[in-house]
Every structure is written in C-alpha cells, then in structure tokens.
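Read the figures in this text as sums done on the coordinates, not as results from a lab. Predicted model, so just to flag it, every value in this text is computed and none were measured. Cβ placement follows ideal geometry from the backbone for every residue including glycine, while neighbour counts extend to all protein chains displayed.
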Amino acid sequence: MPDFYDALETRDSVLREKQQFDELKKQLHNARDHAPAYAAILADVDIADINDRDTLSMIPLTRKSDIAERQGELPPLGGYATVRMDSFYNVFASPGGIFEPGAARDDYWNFARGLHAAGIRTGDLIHNTFSYHFTPAGLMVDSAARALGCPVFPGGIGQTELQVQVMARLQPRAYCGTPSFLKIILDKAAEMKIRVDTLSLGLVGGEALPGSLRTELSDSGVDVVQFYGTADLGMVAYESSAKEGMILEEKVIVEIVRPGTGEPVTEGEVGEIVVTTLSPEYPLIRFATGDLSAFMSGNSPCGRTNRRIKGWMGRADQTAKVRGMFVHPSQVASVVSRHDELLRARLVIGRVDNQDVMTLKCEVENDPESIEQSIAQSIREVCKLRADIELCPVGALPNDGVVIEDSRPLD
C-alpha cells in the first residue's frame, strides 16, 4: 500500500478545492485585518465572493518588486506580516532586495511533504548542503526534518573534501541541496577513494535537474527527486517516486496565468506560476513568481490526487537562476555602470558537464588591457557568482533587448 505523508494528499479533488477555498477566505480576512499591506490591496475585495479560481483571479498580483518597494517604505517586512516581529525566529535577505521571515514552528516552509515523498523517514540522517546564511533554504530543510523526526548535518555550501569526510563518518541516508553540488561531492569522493555508499536518497532543488544528471546520480547510487519552491513561499511542488511531474503542496493554491495579464491560461498552456499561501503568519496572496510552467492533466501514478505542474520551464522575465542564485538584468546593468569602457553586455548562461556556466559578452572600445579581470571581479561582487569574460567589438551583440540569455537545455 502506498505510504503518504497524510490524508490530505489523497483527498477527492472537488473536496480539496472546497476546503482550500474555505481556508483561503480565513486567510484573506486574516491578511486584511492584520497586515497593513493587504488592508490596502484587499480594501475593495468582497471576500465572501472569493469562492473559486475565477473570482480569485480578480485580486491583484503581488510581485517581488512590490514587496521590495513596501519594505523600503515600511521596514522591515513592508506590512505583509500578520504577527509582531518578535513572533518570528529568523529574518532572511534574498536576491532582489527583499527580506523574508521564518517562524519557529516545525515545517513552517512546508518541506516535510517533499522530504517524505523522496523516501526520507523518521530517524534518517539528512546531509543538508543548502545555505544556512542570508537565504532560508538550509533552515527550510531543518524545520521540516524536525517535523519528520530526522536529524540533520548542516553541511552548508562549499568545503567539498570536508563534506566527503563527514559523509564517510556519519553515513547519512539522504542528501538535500542542489543536484550539481551532489555530483561534485560524489566525484570528489571517487577521486579521494572514499566510500559514501550509505547515501541513497536525495531531495534536490535550487536549479534545473537535466535528465542526464539525474541518470548520472542514479548510476552513482543516489535516487533523487526534485522540488520547486522559492525563498518567499517555501515548498510549492515536489516530485514523488513516480517522477511524472511535480505534485502541488497541499498548503498552497497555485494558478498558471498569462504573463503580463494575471489571467488563468488554458489547461496545459505554459504561463507564469502564481501562488497563494495558507500559512497565517506571513500570507502571500497571488504572489507572481516570474517562473514558467504548465498544469498537467490527470493524477500522478503514485496515488496523490493534487494537481501537477511540469516543473520549472524558464522565466517570464529575463531573470535566471544559476547554481541556486537568481541573476537579474539589473545586476548586469550594475556591472556595466562600473566600467566606462564597457558599452553593452549580454550574460549568456550555459551548461558544461552538468555545471552551470556564465559568460559575460562585453562590447568595448579599443579593447583596453586587463579589463577582463576587473569586470570578472565586478560580476563576483554584484552577482556572487563567477563568469568568464568575452570582449567584443562595438556592434557585435544583437540589438534585441536581451540582457540575460539562458541557453541551458531543459533536459
């Protein structure tokens, strides 16, 4: 018999929709009454009329830029929280210039369901390589692990040799982190001739998981499933053992809308992912992620009945995620502004040996000496990532408005 996290995962679809919208009405009242930002957003909304997705779509979208603007006007959280600041356990800073809170309760970010679907069970040791500083990814896993009764080794990012040595000593069963870093760890273990073969399960995210990399990890003995989520929202969707699309988390309502309009697309059409959370402390209502996906028809073969999305299918804007970090067009513009010799730039993102790589193509006059090194330093400072620098003559870059070109294959 299939093993589910709870009975919510196998609800009748009609019942789920009714129960979620009953919860949504409570959330809307909670947000309007206790969060100043939503008092303004929902001022003209008759909450009693929000009974289905058509009526939900009449509520304005909220974007990262809206939150950043309001946080500047009303620090630190912009009036989106419904509880006092001392009710939270952490505050995080994310790319895009916004702050997110973290509450003390277990599984605040709704990750436990994804861990369970990955095969992780009570008592399993989880080797967690998501970052524990600035962004909430590391503690998202920690919070869920407490709910499941799993100990966690907080490995964080980097220090590959030490990660291998710890794995060999502690013998974890499960890995959480980006898939590319798991490959780096396994490659380093092979190079060091150290066995880490107790590691057999993984919940990965933060970047795309190409089929070739999934196969390579499986051949190394680690069966991975992926999740989709954000620092703002926590877990939105996750894979099960069926690996046929990503199943929506039970504590969120997801819409797929036509970019630029906020209107729902037809079934199967690619559009922007919009998420409404049902967590009371920091409600996000119709939060537009900027990520593209599409709903899949039917239910997962694993027996879970919630809707599925095809996973991450790119960005509605030119923002891209590289090695778990967002890179924005505004950051490329910031790099250009630092160098008078640099006229235009185009950031090209590719994939080599299952690793994300970036190349900044720069139009410069007179090919000044040693400018590559200073531009590379600017990229590291602004984007917190490394990039190769390619100098081009004036006029070499296409005049198409593209600042970030993501040329990575989806599979």
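Entry remark, the stretch 333-355: residues being farther than 17 Å from Arg386 by Cα and either of a type in the set (S, T, N, Q) or assigned to a helix (DSSP H, G or I) (or both) number 1 in total.
Kindly establish whether Arg105 is of a type in the set (D, E, K, R), farther than 26 Å from Tyr38 by Cα and more than 16 Å from the chain's Cα centre (by Cα). No.
Any residue at all in the stretch 337-347 that is more than 22 Å from the chain's Cα centre (by Cα) and small (Gly, Ala, Ser)? There is at least one residue in the stretch 337-347 that is more than 22 Å from the chain's Cα centre (by Cα) and small (Gly, Ala, Ser).
Summed over the stretch 152-199, the residues that are of a type in the set (Asp, Glu) and part of a loop (DSSP other than H, G, I, E, B) give a count of 1.
Take Gln163 and decide whether it is surrounded by fewer than 17 Cβ atoms within 10 Å (Cβ to Cβ) and either out of contact with any helix residue (DSSP H, G or I) (no Cβ under 8 Å at 6 or more places or on another chain) or on the phi < 0 side of the Ramachandran plot (or both). No. Residues that are surrounded by fewer than 17 Cβ atoms within 10 Å (Cβ to Cβ) and within 21 Å of the chain's Cα centre (by Cα) within the stretch 64-88 comprise Ser65, Ala68, listed in sequence order.
Scanning the stretch 130-145 for residues that are surrounded by fewer than 16 Cβ atoms within 10 Å (Cβ to Cβ) and at negative phi returns a single hit, His133. Each residue in the stretch 112-135 was checked for being under 20 Å from Glu250 (Cβ atoms), of a type outside the set (A, V, I, L, M, F, W, C) and touching a strand residue (DSSP E or B) at 6+ places or on another chain (Cβ under 7 Å), and 3 pass. The one condition from (1) β-branched (Val, Ile, Thr); (2) farther than 30 Å from Gln331 by Cα; (3) under 26 Å from the mean Cα position of the chain (by Cα) that Ile98 does not meet is (2).
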